[in-house]
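Worksheet: one structure, shown below.
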Amino acid sequence: MTLRLMQAALLLAVGACGASPSRSQASGQRPFTTTEVARFNAPWAMDFLPGSGVPKTNMALVTEKAGKLWLVDVGSGQKQEVVGVPRVHVQGQGGFAEVVAHPDFAGNQRIYLSFPEAGPNGTSGATIGYGRLILGQGQPRLEGYKTIWRQQPKVTGGAHYSERIAFAPDGTMFITSGERFQFAPAQNPNVDLGKIIHMTAEGQRIGGNYYTLGHRNLLGIAFAPDGRLWEAEMGPMGGDELNLIVKGRNYGWPKASNGSNYDGSDIPDHKPGDGFEPPKLWWNPSISPSSLLIYSGDLFPQWKGDALIGALSGEEFIHVRIRGDQATKADQWPMNARIRAVDQGPRGEVYLLEDGDSGGRLLRLKPKR
Ligand SMILES: [Ca+2]
């Protein structure tokens, strides 16, 4: 056999293996192992508590959609329910949603939550607020909860609340306000629907009504180490997006999308000169991005500075390479479960929360040796 033939045979063998549609084959290529830490009922979000002089401790908060908040020690897997949490309006996609610790949590004990509240005539709207998490005195409890933002207007239906929170390096806050499945209001500068809003940590708006507009259901928002703000958004059929967020820009919904409406009708694709900011990446078929982490740890050096995305309908864990203002698809690992949240632990390990009404697992990912 000539060298060339041997190379061809080797390529064929590798190609046959790589082309296998088997999910177990694909999961065999994962660069990580997964360990179950705990289980939750329909978990939605998680965040690690900062400690004195450390950005993260072993203690994480986890929200459950039906209205419970848990403190979990990811070392032991032990869970404690937080008492004194506000009552949550649960409807459709809405319930307890985001939980984020203030960057100075060690000093002010402040945690932020988001969830819908009911309005008149069957309406509802997203809210954001904060309270003090009291630890070390028996059961953890929340005190002095205060609502600092109410999505206006309240509308009927239980879809597309979004209500994610990201703290900026300067201590201000960016929140996502979904378009509530109302379409056109995403283009109306005078309402909250379909916007990213910039505010102080006390809820005072910065720079006007909104920071960006023309969004649909924004379930991931995160700062990269270089200070750029990225956002993952559930678009229509075949139009899920990763966007680079730039102040004042219009991201097009519902006038432009690389996807189509779920009834099959077309929406004009993004094109140069249409006045709308195109996504850096989009997914067709849809993946349903639930969450976005920009990884900053050392445990997975190949992910440093890159985006990690959980996918609901895609049932995948997705790695997107980020270089400056550019993003490229790198890996999509099948997880055989809807992934609701992605977070980074105190030693650079990665945590995933599975979606599901009972037994949604909290998984720890560590590098495969
Ligand atoms: Ca289109």
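3J(HN,Hα) along the stretch 345-358, derived from phi through the Karplus expression 6.51 cos²θ - 1.76 cosθ + 1.60 where θ = phi - 60°, amounts to x, x, 10, x, 6, 10, 10, 10, 10, 7, 6, x, 5, 9 Hz, with x in place of Gly and Pro.
Computed 3J(HN,Hα) for the stretch 292-307, one whole-Hz value per residue from the Karplus formula 6.51 cos²θ - 1.76 cosθ + 1.60 where θ = phi - 60°, is 9, 10, 9, 6, 10, x, 10, 5, 10, x, 6, 9, 4, x, 9, 8, glycine and proline marked x. Between Asp104 and Asp73, the contour length at 0.36 nm per residue exceeds the alpha carbon distance by 9.2 nm. Counting only DSSP H runs of at least 4 residues, each contributing -39500 (n - 2.57), and dividing by the residue count of the chain, the helix-based mean residue ellipticity at 222 nm comes to -2000 deg cm²/dmol. Peptides 246-252, 63-69, 267-273, 78-84, ordered by how many other C-beta atoms sit within 10 Å of their residues on average, highest first, read 63-69, 246-252, 78-84, 267-273. Residue ranges 344-350, 286-292 sort as 286-292, 344-350 when ordered by packing (mean number of other C-beta atoms within 10 Å per residue, highest first). Put simply, when 95-101, 230-236, 119-125, 163-169 are sorted by average Cβ atoms within 10 angstrom per residue, most first, you get 230-236, 95-101, 163-169, 119-125. Label-to-label distance for Arg369 and Thr34 is 2.2 nm, based on points extended 7 Å past Cα in the beta-carbon direction. Amide H to amide H, with H built 1.01 Å from N, Tyr211 comes under 5 Å of Ile196, Ile197, His198, counting only residues 5 or more places away or on other chains.
Extension gain for the segment Lys271 to Asn58, taken as residue separation times 0.36 nm less the Cα-Cα distance, is 72.1 nm to one decimal.
Which whole-number percent of Cα pairs in the chain have a distance greater than 33 Å?
Working: 18919 of 67896 pairs.
Of the Cα pairs, 28 percent sit more than 33 Å apart.
A short reminder: the numbers here are calculations on the coordinates, not readings from a lab. Only a predicted model underlies this, so the values are computations on that prediction, with no experimental measurement involved. A quick note on method: Cβ atoms are made from the backbone with ideal geometry, for glycine too, and the neighbour counts reach across all protein chains shown.
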